[in-house]
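The values are calculated or read from the model by the stated rules, or taken from the named source; none is laboratory data. Everything quoted here is computed from the prediction, not taken from an experiment. Cβ atoms come from the backbone with ideal geometry, glycine included; neighbour counts cover every protein chain shown. Just so you know, the surface numbers come from the protein's heavy atoms only, side chains and all, with ligands and any DNA or RNA stripped out. Shrake-Rupley method; radii C 1.70, N 1.55, O 1.52, S 1.80 Å.
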Amino acid sequence: QVQLVESGGGLVQPGGSLRLSCAASGFSLSSYGMGWFRQAPGKEREFVAAIRRSAGITFYADSVKGRFTISRDNAKNTVSLQMNSLKPEDTAIYYCAADFSGSGYYNPPLDEYDYWGQGTQVTVSS
């Protein structure tokens with residue numbers, strides 16, 4: 001059974017931090033590039049961060065550069081998103097996704113991803 005499960009979301013005050021985690025089962029993350037996306041109410045799903053099969057190749061949306069960090073632990077079959085200096089506009093459901101074409105040196109489009117998690121809610125509010 002192929003599955004991705006996000007966790008770590010919650011309510012945090014502006015300026016605070018959260019760490020999201022995505023655990024894979026039924027396949028090995030080492031064979032995939034991984035990405036994080038988010039979707040706020042009334043808006044389209046948007047790219048946040050991506051990491052290719054080579055962990056040194058990462059991409060970030062301009063809105064989160066310097067605040068968010070994506071990382072992977074292939075031995076534990078997980079990918080994480082460290083979120084610092086959170087802003088109210090970061091409020092959204094966050095999804096992780098797996099891309100079997102994850103070895104390329106480019107930021108993949110949303111429709112390239114093969115598997116998606118169920119999402120975890122992040123709310124930034126005072």
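Worth a mention:
- Fully extended contour minus Cα-Cα distance, from Q3 to E112, at 0.36 nm per residue: 37.5 nm
- Rg/Rh for the chain stands at 0.94; both radii use Cα atoms, and Rh follows the Kirkwood definition.
- Using a probe of 1.4 Å, the accessible surface attributed to Y106 totals some 90 Å² when neighbouring protein chains are kept in position.
- Shape descriptor for the range 1-65: Rg over Rh equals 0.99 (Cα atoms; Rh from the Kirkwood inverse mean 1/r).
- Other residues lying with their Cβ under 10 Å from the Cβ of V124 contribute a combined charge of -1, Lys and Arg counting +1, Asp and Glu -1.
- Ranking of E46, E89 by solvent-accessible surface, largest first: E89, E46 (1.4 Å probe, protein heavy atoms only, all chains present).
- When only Cα pairs below 8 angstrom with a gap of at least 6 residues are kept, the range 10-126 shows a relative contact order of 36 percent.
- P(r) of the range 61-124 over all Cα-Cα pairs, binned every 10 Å from zero, in whole percent: 16, 49, 33, 2
- Spin-label pair E89-S71: with each label point 7 Å from Cα along the Cα-Cβ axis, the two points sit 2.7 nm from one another.
- Ordered from highest to lowest accessible area with the whole protein assembly present and a 1.4 Å probe, D73, D90, D111 read as D111, D73, D90.
- Annotation note: trypsin sites (Lys or Arg not before Pro) in the range 30-95 located in DSSP loop regions with a Cβ neighbour count of at most 14 within 10 Å are K43, K65, K76.
- The range 6-61 versus the range 91-126: alpha-carbon centroid distance in Å: 5
- Debye, to nearest 20: dipole size of the chain, +1 on Lys, Arg Cβ, -1 on Asp, Glu Cβ: 340
- Local electrostatic count at D111 - Lys and Arg +1, Asp and Glu -1, tallied over other residues with Cβ under 15 Å: -4
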